[in-house]
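Working notes, beginning with the structure itself.
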Amino acid sequence: MNLAVQIRELTKHYVLKSETVRALRGVSFDVPEGDYVAIMGPSGSGKSTLLNLLGCLDRPTSGSFILGGDDVARMSDDQLSAIRASRIGFVFQSYNLIPQLTVVENIEVPLYYMGQLNAKTKKRCRELAEMVGLGERLGHRPAQLSGGQQQRVAIARSLVNNPQFILADEATGNLDSVTTDEILALFHRLNENGVTIIMVTHEDEVAEHAKRVIRLRDGLIQVDERNKQRKTTFGQHAAKMAQIDLNSTDPVATSS
C-alpha cells in the first residue's frame with residue numbers, strides 16, 4: 001500500500017504573550033493513495049492548524065509530515081512553496097479565482113507559476129474544464145459563473161499539477177444543497193478514478209460522503225474510523241455531474 005501522506009506525532013505550539021497554546025498535541029495518521037478522508041472537529045480542536053500544516057502553509061513544532069517520501073516538516077519557506085505548487089491541489093471555500101481571467105486561464109495559473117505552460121499543458125487545461133462540465137464556458141470570467149461553476153473551475157485547477165492529494169477546505173461551505181450535491185458527486189467520481197482527497201469540513205452530511213472520518217478534539221485525534229455507511233447517492237440535479245466521463249482526460253496523468 002502506497003501512502004500519499006504520513007503524519008507522525010505532529011505538534012504545533014503557539015506562544016501568545018506569556019501563554020503557550022498547544023494547538024496540536026501529537027497527531028498521527030496515514031492517508032493511503034486513493035483514500036478520501038474528512039477531517040472534522042469543533043472550534044479549538046486543532047482542525048485549522050492541521051489544515052495549514054497539510055497545506056504546507058506552516059511548519060510543525062515537532063513531528064514529521066512525509067509527502068512522497070520527503071519530510072516536509074523541516075523544509076525551508078522556498079521548499080514549502082515549491083511543494084504547494086507541485087504536489088498539492090487546493091480547493092477553497094471561497095474559490096480563489098482571479099476575476100480578470102477566464103475559466104481556462106484560471107485553470108492554467110499553477111502551470112504558469114511553475115513555468116510549465118505550453119501547448120500540451122494548455123490542451124490539458126481545456127480537457128479538465130470539459131471534464132468538470134465547463135467546456136462551453138472556457139471564455140467566461142468568474143463573475144459570469146454560478147458558485148457551483150466557480151468551484152468546478154477550482155477543482156479543475158487543483159488537478160493540473162498532478163497532485164499527490166487534493167486538500168479541500170470547506171469546499172461546499174458557500175453552496176446551496178443542490179450545488180453541494182453536484183460538487184460532492186464530482187469529488188466522488190474523482191476519487192473513484194484514483195484521486196486522493198483530504199476534506200476539512202464541519203458538516204456531517206458532507207463527511208458522510210468520505211471513506212473515512214478523522215475527528216479532532218483539543219489537539220488530539222478523538223476518532224479515526226472508516227465510514228461503514230458511506231453515502232454514495234446524490235440528488236437528481238447531481239446526476240449529470242456524477243456521470244461525467246473522467247476517462248476523457250486523465251485527472252492524475254502528468255502534464256510534463
Worksheet item: Extension gain PHE29-LYS228, at 0.36 nm per residue separation less the Cα-Cα distance, in nm?
Response: 69.8 nm
Worksheet item: Check LEU24: other-chain or 5+ apart residues with amide H under 5 Å from its amide H, H built from backbone geometry?
Response: LYS12
Worksheet item: Over the range 54-177, what is the mean sequence separation of C-alpha contacts under 8 Å (at least six apart), divided by residue count, expressed as relative contact order in percent?
Response: 37 percent
Worksheet item: Residue by residue, what Karplus-based ³J(HN,Hα) values in Hz, rounded to whole numbers, does the range 172-178 have, using 6.51, -1.76 and 1.60 with θ = phi - 60° and x for Gly and Pro?
Response: 10, x, 9, 10, 6, 5, 5
Worksheet item: Could the peptides 132-140, 206-214 be put in order, highest first, of the mean number of other beta-carbon atoms found within 10 Å of their residues?
Response: 206-214, 132-140
Response to the item:
Subtracting the Cα-Cα distance of LEU57 and ASN2 from 0.36 nm times their residue separation yields 17.4 nm
Worksheet entry | Relative contact order (%) - the chain, alpha-carbon pairs under 8 angstrom, separation at least six | 26 percent
Practice prompt. Enumerate the amide H contacts of LEU3 below 5 Å, restricted to partners 5 or more residues apart or on another chain; note that Pro and chain-start residues carry no placed amide H.
Written response: GLU33
Response to the item:
Dividing the helical contributions, -39500 (n - 2.57) per DSSP H run of n ≥ 4, by the residues of the chain yields a 222 nm value, nearest 500 deg cm²/dmol, of -9000 deg cm²/dmol
Worksheet, complete the sentence: In terms of the alpha carbon gyration tensor, root eigenvalues a ≥ b ≥ c, rounded if a/c is under 1.5 and otherwise prolate when a/b exceeds b/c or oblate, the range 141-204 is oblate
Worksheet item: What list of ³J(HN,Hα) values in whole Hz, one per residue of the range 54-67 in order, does the Karplus curve 6.51 cos²θ - 1.76 cosθ + 1.60 (θ = phi - 60°) give from phi, with Gly and Pro shown as x?
Response: 4, x, 6, 8, 7, 10, x, 6, 7, x, 10, 10, 8, 10
Worksheet item: If one computes the Cα centroid of the range 8-29 and of the range 107-142, what distance in Å separates the two points?
Response: 39 Å
Worksheet item: Could you give the nm distance between label points at LEU16 and ALA82, where each point is 7 Å from its Cα heading toward the beta carbon?
Response: 3.6 nm
Fill in: Mean Cβ neighbour count within 10 Å, used as a protection proxy, ranking 224-231, 150-157 highest first
150-157, 224-231
Worksheet item: With the contact rule set at Cα under 8 Å and sequence spacing of 6 or more, what percent relative contact order holds for the range 162-205?
Response: 64 percent
Discussion item. Order 78-87, 26-35 from most to least packed using the mean count of other Cβ atoms within 10 Å.
Written reply: 26-35, 78-87
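Here, each number is a calculation from the coordinates, and none is a lab measurement. The shown structure was predicted, so the numbers you read here are calculated from the model rather than taken from an experiment. Here the Cβ is made from the backbone with ideal geometry for all residues, glycine too, and neighbour counts use every protein chain on show.
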